[in-house]
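The values are calculated or read from the model by the stated rules, or taken from the named source; none is laboratory data. Here the structure is a predicted model, which means the values were calculated and not measured. Don't worry about glycine lacking a Cβ; one is built from the backbone with ideal geometry, like all the others, and counts go over all protein chains shown.
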Amino acid sequence: MKIQREENRRENVIRPGATIGLLGGGQLGRMIALAGRAMGYRFVTMDPTEDSPSGQVSDQQVVAAFDDVAGARRLAELCDVITYEFENVDADVAHTLESRSYVPQGSRLLRITQHRIREKTTIQSLGIPVAPFRAVASAAELRQAVSELGLPAVLKTATGGYDGKGQRVLRTAAECEEAFAALAGGGTELIVEAFVPFVKELSVIAARNPAGEIAVFPAAENVHVDNILHLSIVPARAAADVLRKAEQIARRIAEQLNVIGLIAVEMFLTADGELYVNELAPRPHNSGHYTIDATVCSQFEQHVRAICNLPLGSTRLLSPVVMVNILGEHLQPVLAMVDSLPPTCKLHLYGKRESKPKRKMGHLNVVADTTEQALAIIDELGIWGKVEV
Ligand code: AMP
């Protein structure tokens with residue numbers, strides 16, 4: 001391996017000592033800051049809540065709403081480079097930040113991933129399969145779309161939905177009127193998709209830096225409970241050629257959309273080995289938390305490397321791993337066991353002041369010789385209900 005010498009070093013490198021601004025103070029920002037501080041960067045978080053998860057581990061926090069342009073100006077003044085940890089960035093704030101600071105991720109990708117119709121259209125235009133879909137502006141259009149796509153189908157709001165919110169599964173044409181009225185009430189556009197009879201959900205996170213290097217993390221197999229991620233199992237239990245294909249899809253998306261930073265690609269795998277991309281997220285992703293303890297470089301370190309135009313780190317998997325999310329309802333039982341957790345359970349808590357049912361409070365990475373062993377350890381802890389995996 002060659003080490004880059006002075007004369008052929010890359011340009012526009014943001015070196016340790018510089019200040020990175022984080023728009024958003026949640027757990028993703030927190031884990032970016034923890035990784036970046038280890039590398040010698042300083043951090044300023046902008047978030048409306050004081051003492052936010054990311055604010056707690058930053059050098060400074062600008063307490064301002066996400067659509068507060070004056071707050072964004074202040075953030076821009078304090079930072080050499082700015083990144084965001086969620087995709088619903090206000091357009092005026094994005095403009096302020098881009099005109100006053102350096103936002104390597106840009107806002108083009110945000111425009112795409114903020115809107116399911118634009119997102120699916122873009123992915124399809126790259127020749128990558130997505131579930132057949134239609135944009136629908138009335139209940140009559142929905143009926144027409146459903147007659148073409150077939151049933152069941154999934155009706156979703158084009159913007160603002162997450163963790164299964166803002167969506168309905170349609171099983172009969174008679175449900176169209178009621179479902180349309182229920183979801184269109186929020187004033188957002190709607191999309192209806194054919195239901196993909198998937199056997200597994202996979203996700204792959206890819207990173208790309210301004211120099212154009214791309215690195216792809218191993219695919220995760222994701223298990224959801226009530227539409228919220230519960231487990232990520234790595235290596236994913238699927239055929240090697242399927243995993244290769246999933247990783248290639250993420251690489252192609254990163255390349256063709258000129259991603260800077262991370263892109264998480266969620267996919268459905270069908271019984272015949274076909275992959276359909278469901279969703280993109282231009283940031284670190286819950287299904288990549290396993291990388292903190294199981295790959296050479298974590299997704300958070302990789303994100304910092306990518307936006308600072310450093311060489312990307314190795315994504316090599318060091319051990320089989322299962323990540324399990326700690327939601328509000330799991331927090332007390334986990335805390336009651338901190339003095340007896342097995343040695344290969346790595347606990348990550350996000351410092352959130354208030355614990356509520358279904359709120360993501362932390363996660364546990366369990367490394368083991370096999371994913372079956374890791375799953376058995378999680379089972380034995382007895383904190384999570386029995387889930388068929
Ligand atoms: P989303 O908000 O698009 O990530 O969807 C949340 C969950 O709903 C997914 O993780 C799937 O389990 C399910 N889902 C969404 N879209 C479809 C689809 N077209 N076919 C089957 N299941 C879907």
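Details
- Single residue of the stretch 187-198 satisfying the filter (of a type outside the set (Gly, Ala, Ser), within 11 Å of the ligand (Cβ to nearest atom) and part of a strand (DSSP E or B)) that is surrounded by the fewest Cβ atoms within 10 Å (Cβ to Cβ): 198
- Taken together, 70, 64 contain a single residue that is under 21 Å from residue 48 (Cα atoms) and either surrounded by fewer than 16 Cβ atoms within 10 Å (Cβ to Cβ) or within 16 Å of the ligand (Cβ to nearest atom) (or both), which is 70.
- The residues of the stretch 225-266 that are farther than 30 Å from residue 12 by Cα and without any contact (Cβ under 8 Å) to a residue 60 or more places away in the chain, listed by number, are 236, 238, 239, 240, 241, 242, 243, 244, 245, 246.
- Strands (runs of 3 or more DSSP E) contained entirely in the stretch 1-108, each with at least 1 residues that are under 19 Å from residue 305 (Cα atoms): 19-23, 42-47, 81-84
- Between 264, 250, 236, 246, the distinction of being crowded, with 18+ Cβ neighbours inside 10 Å and either of a type outside the set (A, V, I, L, M, F, W, C) or within 13 Å of the ligand (Cβ to nearest atom) (or both) belongs to 264 only.
- Candidates 70, 65, filtered to the one that is without any contact (Cβ under 8 Å) to a residue 24 or more places away in the chain, closer than 30 Å to residue 190 by Cα and either not polar (S, T, N, Q) or not assigned by TED's automatic domain parsing to the domain that holds residue 277 (or both): 65
- Positions within the stretch 157-199 being polar (S, T, N, Q) and under 21 Å from the mean Cα position of the chain (by Cα), in sequence order: 157, 159, 167
- All positions within the stretch 303-329 that are in contact with a helix residue (DSSP H, G or I) (Cβ under 8 Å, 6 or more places away or on another chain) and under 16 Å from residue 29 (Cβ atoms): 303, 304
- Some residue of the stretch 187-209 being of a type in the set (Lys, Arg) and either more than 17 Å from residue 283 (Cα to Cα) or in contact with a Ser or Thr (Cβ under 6 Å, 6 or more places away or on another chain) (or both): yes
- Some residue of the stretch 139-151 being closer than 28 Å to residue 286 by Cα, within 12 Å of the ligand (Cβ to nearest atom) and surrounded by fewer than 19 Cβ atoms within 10 Å (Cβ to Cβ): no
- Unique match (being under 27 Å from residue 127 (Cβ atoms) and touching a Phe, Trp or Tyr at 6+ places or on another chain (Cβ under 7 Å)) among 191, 249, 253, 214: 191
- Matching residues in the stretch 166-186 - criterion: being more than 10 Å from the ligand (Cβ to nearest atom) and either assigned to a strand (DSSP E or B) or under 30 Å from residue 240 (Cα atoms) (or both): 168, 170
- Enumeration of residues in the stretch 273-301 that are within 19 Å of residue 249 (Cα to Cα), away from the ligand (no atom under 16 Å from the Cβ) and touching a residue at least 60 places away in the same chain (Cβ under 8 Å): 284, 299
- Search result, residues across the stretch 199-219 that are within 13 Å of the ligand (Cβ to nearest atom) and hydrophobic (A, V, I, L, M, F, W, C): 199, 202
- Scope the stretch 33-70; condition of a type in the set (Lys, Arg) and over 22 Å from the mean Cα position of the chain (by Cα); matching residues: 42
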